[in-house]
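Working notes, beginning with the structure itself.
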Amino acid sequence: MLRAEILKNFEDQNQTTWDFVIIGGGATGLGTAIEAATRGYKTLLLEQSDFAKSTSSKSTKLVHGGVRYLAQGYVDLVREACKERGLLLQNAPHLTKNLSFVIPIYTWWDKLLYTVGLKFYDLLAGKLSLGKSVPISKSETIKRLPTIKKKGLKGGILYHDGQFDDSRLALNMAQTAIENGATVLNYAKVIKLKKDANGKLNGVIFQDTETSKEFETKTKAIVNATGVFADDINKMDHGTDDKTISPSQGVHIMIDKKFCPTDSAIMIPKTSDGRVLFAVPWHNKIILGTTDTPVKQESLEPKPTEQEINFILETARGYMNPAPTRKDILSVFAGLRPLAATKEGAKTKEVSRSHKVITSESGLVSIIGGKWTTYRKMGEDVVEKAEEIMKVPHKKSNTEHLKIHGYRKDIDYKDPMYYYGTDKEKILELSKEIENGNEIISKEQNIIKAQIVWAVKNEMAINIEDFLSRRTRLLLLDQKEAVRIAPIVAEVMAKELGKDEVWQKNEIESFKNIAEIYHTHI
């Protein structure tokens with residue numbers, strides 16, 4: 001995954017015609033790249049920023065069927081998501097796990113209601129179920145959730161869903177696509193779509209945003225998998241401002257594990273805005289979220305609002321004792337959901353998370369909506385629609401049981417490097433080859449210098465944020481600690497990338513500006 005080598009190949013092979021050019025390096029684009037490559041198609045993926053930079057690195061970290069979608073009547077979506085959840089846990093055990101959730105119950109009616117509803121949830125998962133949902137006593141609920149509000153507590157409902165590390169999965173998906181013959185490139189922004197004399201798409205021009213150099217390449221099919229930015233590519237295609245996306249912002253806050261000192265997650269089924277709220281253990285911290293706020297303008301780094309932060313804290317205050325306050329927030333982050341466009345005034349929480357595949361007159365295949373859990377099925381549907389447009393014989397999907405790069409079963413989640421899977425040993429070997437490679441630069445997350453070098457050499461990281469936000473998750477876990485070690489990361493990266501002190505200074509300043517968004521300004 002060395003960008004310089006990939007770009008040089010473009011210069012040497014500029015007459016190559018691809019079967020697929022996929023625009024967008026988040027969950028959907030990467031899933032499509034794997035699907036196309038494993039079917040034998042010559043595949044190129046281009047991402048304008050970093051892999052999973054936007055929505056795909058800022059989720060609630062859950063691989064789930066969607067309990068609340070079931071309550072809204074989206075049975076087919078939940079069935080599909082439960083299947084994909086089960087497959088992902090089998091294909092990427094180094095990044096996923098079965099997580100126990102407890103719904104605290106304060107009325108007997110709720111106990112009956114959620115017991116019945118979650119039994120149906122289990123039924124939809126079939127053979128891929130992660131475990132049976134059962135009602136539990138008040139004492140068992142308190143044992144699993146020691147800090148839960150005890151006044152009026154009647155008991156709880158225990159159920160199972162999946163958890164994962166979203167940006168690490170995205171990186172391993174990029175590596176999986178490469179291993180199956182695809183070419184993937186970050187910081188490669190598509191700036192123009194090319195058409196033939198009949199108005200059909202036949203190529204793209206993209207810019208290496210690091211050097212501003214432009215490249216042109218030919219293709220048989222173009223996939224628009226850009227999430228909340230889908231309408232930008234649509235406008236590039238047919239010049240209209242028609243909206244297919246209604247972005248919705250979801251905010252999460254990170255707090256210390258002491259507020260939920262358990263391996264179980266809390267699911268709060270009723271909030272003042274009609275959503276559910278989760279308190280989820282992740283990397284020895286607790287994620288609290290999320291919100292659902294319509295936004296008019298998409299952004300790579302959306303900013304949490306005071307109202308959203310306060311809403312999460314106020315909701316948690318009704319269930320957790322002690323409850324977190326503003327001063328307890330370690331980091332706050334926001335992501336945008338690429339929901340299908342809605343009528344004016346419609347509530348985004350009521351919009352289906354099902355995906356839609358749309359084609360234009362020129363042959364552009366766009367996918368909108370969807371959710372992380374169903375990325376594989378989304379990629380499958382996109383490739384099959386593209387096959388129709390290309391008028392080529394259908395090729396069977398090979399991804400249901402495809403192991404994701406790093407696949408490893410024997411995972412110790414207490415190991416700070418568990419999420420590297422089979423790459424862990426390679427990083428430890430690298431640490432012996434470089435100066436002070438085993439030096440711990442952050443005791444908070446046990447990050448060693450060798451991980452920085454590995455990220456540059458093997459994971460296409462080219463700046464501080466790539467490493468601290470997505471190769472490791474420190475920016476999301478502890479904003480202050482990420483800012484503290486940024487100069488160390490800059491120094492190591494500069495050496496690997498051949499950059500000077502001016503680059504280091506600019507990088508540190510740039511990272512601090514981004515990190516401010518993750519700070520609550522207490």
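Take 32-44, 322-334 and order them by the average number of nearby Cβ atoms within 10 Å per residue, most first; the result is 32-44, 322-334. For the peptides 207-214, 312-319, 83-90, 63-70, residues were scored by their other Cβ atoms within 10 Å and the scores averaged per peptide; the highest-first order is 63-70, 83-90, 312-319, 207-214. Please work out the FRET efficiency for the pair Asn310 and Asp232, using the Cβ-Cβ distance as r and a Förster radius of 30 Å; give the result to the nearest 0.05. Taking R0 as 30 Å, the efficiency between Asn310 and Asp232 is 0.40. Across the range 400-408, coupling constants 3J(HN,Hα) worked out from phi with the 6.51/-1.76/1.60 Karplus curve, θ = phi - 60°, read 4, 10, 6, 6, 7, 3, x, 2, 7 Hz, and Gly and Pro carry x.
Which value in nm describes the separation of the simple spin-label points at Glu361 and Glu400, placed 7 Å from the Cα toward the beta carbon? The modelled label-to-label distance comes out at 4.0 nm. Among the lysines of the range 419-522, pairs that are 8 or more positions apart or on different chains and have alpha carbons within less than 15 Å of each other number 13. Calculated [222 nm] ellipticity per residue, helices only, for the chain: -10500 deg cm²/dmol; basis is -39500 (n - 2.57) per DSSP H run with n ≥ 4, divided by all residues, nearest 500.
For Glu388 and Leu123, the difference between the fully extended length at 0.36 nm per residue and the C-alpha to C-alpha distance is 92.0 nm. Simple spin-label estimate for Arg68 and Leu2 gives 4.6 nm between the two label positions (7 Å along the Cα-to-Cβ direction from each Cα). Highest-first packing order for the peptide set 106-117, 163-174 is 163-174, 106-117, based on the mean count of other beta carbon atoms within 10 Å. What angle do you read, to the nearest 10 degrees and between 0 and 90, between the alpha-carbon axis of helix 375-390 and the longest principal axis of the chain? Once rounded, one gets 30 degrees. Annotation: for a label point projected 7 angstrom from Cα along Cα→Cβ of Asn284, residues of the range 481-522 with backbone N closer than 19 Å are 481-486. In this model, which of Lys111/Lys149; Lys97/Lys403; Lys303/Lys377; Lys119/Lys285; Lys143/Lys257 are farther than 23 Å apart at the alpha-carbon? Long pairs (Cα-Cα over 23 Å): Lys303/Lys377; Lys119/Lys285. Axis of helix 166-179 versus longest Cα principal axis of the chain: the two differ by about 30°, to the nearest ten degrees. Computed extension length for Ser510-Glu496: 3.1 nm, one decimal, from 0.36 nm per residue of separation with the Cα-Cα distance subtracted. With contacts taken as Cα pairs under 8 Å and at least 6 residues apart, the chain reaches a relative contact order of 19 percent. Against the chain, whose longest principal axis comes from its Cα atoms, helix 424-433 is set at around 60 degrees. Between Ser100 and Asp242, full extension at 0.36 nm per residue minus the direct alpha carbon distance yields a gain of 46.9 nm. Modelled spin labels at Val116 and Asp410, positioned 7 Å past Cα toward Cβ, are 4.8 nm from each other.
Every number here is computed from the coordinates shown, using simple stated rules; none is lab data. Since we're looking at a predicted model, the values are computed, not measured. Neighbour counts run over all protein chains shown; Cβ positions are idealised from the backbone, glycine included.
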